[in-house]
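These notes are about the structure you will find just below.
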Amino acid sequence: MRNDDPLGELAEDAPASRGHLDRRSFLKLCGAGVGLSAALAADSWAFSFLEPLQVENPLKAYPNRGWERIYRDLFSVDSSFTFTCAPNDTHNCLLRAHVRSGAVVRLGPTFAYGDAVDATGGRSTHRWDPRCCQKGLALVRRFYGDRRCKHPMVRSGWLDWARAGFPRDAQSGRVDERYLRRGRDGFVRVTWKEAYELVARGLQAIATAYNGEDGKKRLLAQGFDAEMVEAAGGVGMQTIKMRGGMPLLGITRIFGQYRFANMLALLDAHVRKVDAAQAVGARGWDNYAWHTDLPPGHPMVTGQQTVDWDLCMAERAKLLVVWGMNWVTTKMPDAHWMTEARLKGTKVVVIAAEYSATMNKADVALVVRPGTTPALALGLCHVLLEEGLFDQEFVKSSTDLPSLVRMDTLERLSAQDAGLEASGGLGADVLAEGQAPPPAPKQQRALLPERLLGRFAPFVVWDAKRGAAVAVARDDVGERWKKRGIDPALSGTFRVKLTDGREVECRPVFDLVREYVRENFDPATVERITWAPADGVRAIAREIAKNPRATLFAVGMGPNQFFNNDLKDRTIFLLAALTSNVGFVGGNVGSYAGNYRAAYFNGLGQYVAEDPFAVQIDPAKPAVVKSRFKFESVHYWNHGDRILHAGKERITGKTHLPTPT
């Protein structure tokens, strides 16, 4: 070896094979520093492995690249299955799960909505595809996440209480605080058999503790309202509450809670030693109303639990008013309908208490003070009424705004009181006492129990043509109304003679509403109440007026969370009625929060309320239905398990009294 060879030491350790450089040689090379260039020039181990690979004809010959199979097979699976994604958003997207080596490795849409066919042969459209959202696609992380509970767990304090025999104070029935350390106790794993036994023993202990007069005394000693205690009737089972949740989240899984509440009549019969005729189930807590998903003004105004329009109809409107609803975030699978409507020229107005993800899609955005929706709606109505932008023809022919109100009682004047008869009908089918309604697909009109006929009696309008009061039936609307040739007055004071000979002053509902709105809800006043700029109120009102029968109101659950929530619905319906935007494909009011359509499942009543004392085991026969549980609102429990009082006066009605929980 030459002494002047700076890489002599390296050359001695270099491998004999040409072009191979091991790790030790490479590190020595890097340490040599100065001799790096000479090393690169050395023919004995040049970097031949860095030379580009040349393939003249890849169809004729190609190097072995079998390692790529692992990469190319990354998305191959052994099998797949379809399931419904049903979290609390209730969109119920059909997803496909892909399985490999016994585990779900990824989720994706089915792309099969367009293949759906209904009972009449009507086919869906692939415009629904792909139906999914980011959260649904990530659901597999929850399947195998470390926070998923994969076996029964019991809070340690409760388990100690159960093992001690569920001890209570003899007088008050209170449980020792050491057993009630919720949020502080750890959890103990038990077997499924132990879990079932613990639940059964716990329910039996509670039902037994609050039975009879001793049970009443214990509840009173714990501070429960005397009327709530009385509502339980000395039945300990009535202090047990079950809540079923949204039906479409799991019709048997979740609504099974209500079935269980009904079945607990078996336990009541055992504990109280009564026969089947006297046995009662637990109480059933509501869910749709408690979530504040229910828009309470909808049933109050229309008699329908919730009025809505399908979000896929957005493109049928010229104007979308998204009110207190974060469409993009809370309706992710349906957000594309709004996007496609915008592409077709639909304008979007967003009214919300914050700058939301939906608001940046708006043509007009209005940030308002929370809880002031009724005032804002009446401010919009003020602009319509003052500027004459309302649809008079629709107001006269399709609303009850022309109906007369007696100024002596402030009650609506009935045709019977005025001795008038209406030629029209109810616009509904009457159900006699005890008569069952027909199946939903065969219900062609509204159904009205016979006992409520008086509340649907004809009302009275003042016919400007005849200068006289005229009776109007409930189905005197639209074309039927036009045939009658009546021109109802919308304003003025009129004297109407009653059947007893007296004359009373009357004014149209429209006139009274307009006076109230004029005096209280001008844009400047509304700006002070709602923080919405007066110019914005005027601009939105005029935009709605430009689009009769083509404005869709999409209202979210946010405005439902205030005590004036029924007024929110009433005032929005008033706004829609003034602009001819009720009941049209492109113009209507909708409420979007949860999913309440339990009526889709015609067997739900049989499943939930099957008589536990007469279970039907023949699959060819219908269940014997007997509801032994009673619904109550969980609002009261949420309010400290108390009913509502104003001073000493009870606000909660007797029909809605809850029992102690």
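The values are calculated or read from the model by the stated rules, or taken from the named source; none is laboratory data. Because the structure is predicted, anything quoted here is derived from the model rather than measured. Backbone-built Cβ (ideal geometry, glycine too); neighbour counts: all protein chains shown. All accessible areas refer to the heavy atoms of the entire protein, side chains included, with ligands and DNA or RNA removed. Shrake-Rupley method; radii C 1.70, N 1.55, O 1.52, S 1.80 Å.
Check whether at least one residue in segment 177-200 is open to solvent by 20 Å² or more (accessible area, probe 1.4 Å), of a type outside the set (Ser, Thr, Tyr) and in contact with an Asp or Glu (Cβ under 7 Å, 6 or more places away or on another chain), and report yes or no. Taking every residue of segment 177-200 in turn, none turns out to be open to solvent by 20 Å² or more (accessible area, probe 1.4 Å), of a type outside the set (Ser, Thr, Tyr) and in contact with an Asp or Glu (Cβ under 7 Å, 6 or more places away or on another chain).
In summary, helices (runs of 4 or more DSSP H) completely within segment 132-205 and bearing 2 or more residues that are among the aromatic types (Phe, Trp, Tyr) occur at 156-163. Looking across segment 615-645, the residues that are part of a strand (DSSP E or B) and closer than 19 Å to residue 224 by Cβ come down to 630, 632, 645. Being open to solvent by 10 Å² or more (accessible area, probe 1.4 Å), within 19 Å of the chain's Cα centre (by Cα) and in contact (Cβ under 8 Å) with a residue 60 or more places away in the chain holds for only one residue in 562, 521, 553, 573, and it is 562. Is it the case that residue 460 is open to solvent by less than 20 Å² (accessible area, probe 1.4 Å), under 35 Å from the mean Cα position of the chain (by Cα) and at pLDDT 95 or above? When the stated conditions are applied, residue 460 does not pass them.
Across segment 348-391, the qualifying residues are those that are of a type in the set (D, E, K, R) and more than 25 Å from the chain's Cα centre (by Cα), and the one among them that is nearest to residue 532 (Cα to Cα) is 363. List the helices (runs of 4 or more DSSP H) that sit entirely inside segment 467-550 and contain at least 3 residues that are over 26 Å from residue 587 (Cβ atoms) and modelled with pLDDT of 95 or more. Fully inside segment 467-550 and qualifying: 509-520, 523-530. Where strands (runs of 3 or more DSSP E) fall wholly inside segment 64-116, the ranges with 3 or more residues that are of a type in the set (Ser, Thr, Tyr) and closer than 19 Å to residue 136 by Cα are 79-85. Picking from residues in segment 150-174 that are at pLDDT below 95 and open to solvent by less than 40 Å² (accessible area, probe 1.4 Å), the one that is nearest to residue 240 (Cα to Cα) is 173. When you scan segment 377-400, do you find a residue that is in contact with a strand residue (DSSP E or B) (Cβ under 8 Å, 6 or more places away or on another chain) and either surrounded by fewer than 20 Cβ atoms within 10 Å (Cβ to Cβ) or over 24 Å from residue 593 (Cα atoms) (or both), even just one? Yes, segment 377-400 contains a residue that is in contact with a strand residue (DSSP E or B) (Cβ under 8 Å, 6 or more places away or on another chain) and either surrounded by fewer than 20 Cβ atoms within 10 Å (Cβ to Cβ) or over 24 Å from residue 593 (Cα atoms) (or both). Across segment 339-348, a minimum of one residue is classified as in a helix (DSSP H, G or I), among the charged types (D, E, K, R) and open to solvent by less than 60 Å² (accessible area, probe 1.4 Å).
Against the numbered list (1) in a helix (DSSP H, G or I); (2) more than 11 Å from residue 628 (Cβ to Cβ); (3) touching a strand residue (DSSP E or B) at 6+ places or on another chain (Cβ under 9 Å), residue 229 comes up short only at (3).
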